[in-house]
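These notes concern the structure reproduced below.
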Amino acid sequence: MAEETGGIELPKRQRNPDDGELDITPMIDVTFLLLAFFVVVSKMDPQAAVPLPMASYGESISEKNAVTLILVVDPSNSDRPMIYKGTSMSEDSLVGDGDEEAQEQDIAEWVENELFANPTKDAVIIKAAGNCKTKMVELVKRGVSKSELARSEGRRLFIGIEEEQ
């Protein structure tokens, strides 16, 4: 061994039994104190205004240039949709209570009449609440597609699902 280190023999170090153990309790205490400090001091405001970039796809459409249908879930029966013709959710604009075929026909006739009366309208908008099932939106979409004027060239269908907060 002396030949390997250049002729000097190094003394072996004696281990202290306390050297191997490190008490990390104070470090944990400091970590939790810092965590508590930042939780108390930081401002958590999910409603804060955040500048968001414009969407990279899609486009906005004016309701003045479109026929609008509003779709919500019936509070008394979550499997039944309540479909309103137009932008108001009044009782007289509600699509009749019938089977799906009758509702589709009612929607098609209303859309056809609206587009015929307002030829400048070039779109149909379906606004649905966030808790609406896809089946309900498809029912309204099928009703709109039965209208000849809604399917004519240049007219588009927009579907917007509003997430409730």
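The values are calculated or read from the model by the stated rules, or taken from the named source; none is laboratory data. Computed from a predicted structure; not experimentally measured. When we count neighbours, we look across all protein chains shown, and the Cβ atoms used for this are built from the backbone with ideal geometry, even at glycine. Accessible surface is based on the protein model in full, side chains and every heavy atom, while ligands, DNA and RNA are left aside. Shrake-Rupley method; radii C 1.70, N 1.55, O 1.52, S 1.80 Å.
Solvent exposure of T120, expressed as accessible area, is near 120 Å², computed with a probe of 1.4 Å over the protein chains only.
Pull out a ≥ b ≥ c, the square roots of the eigenvalues of the alpha-carbon gyration tensor of the stretch 55-125, then state rounded if a/c is under 1.5, prolate if not and a/b is larger than b/c, and oblate in the remaining case. It comes out oblate by the Cα gyration axes. Can you give the accessible area of S76 in Å² (nearest 10), computed on protein heavy atoms with a 1.4 Å probe? About 100 Å², rounded to the nearest 10.
Does the stretch 92-165 come out rounded, prolate or oblate, given a ≥ b ≥ c as the square roots of the eigenvalues of its C-alpha gyration tensor, rounded meaning a/c under 1.5 and, failing that, prolate meaning a/b above b/c?
Values: a/c = 1.90, a/b = 1.30, b/c = 1.47.
Oblate is the answer for the stretch 92-165, as a/c is 1.5 or above yet b/c matches or exceeds a/b.
Label positions at N77 and K135, each projected 7 Å from the Cα along the C-beta direction, are separated by 1.2 nm.
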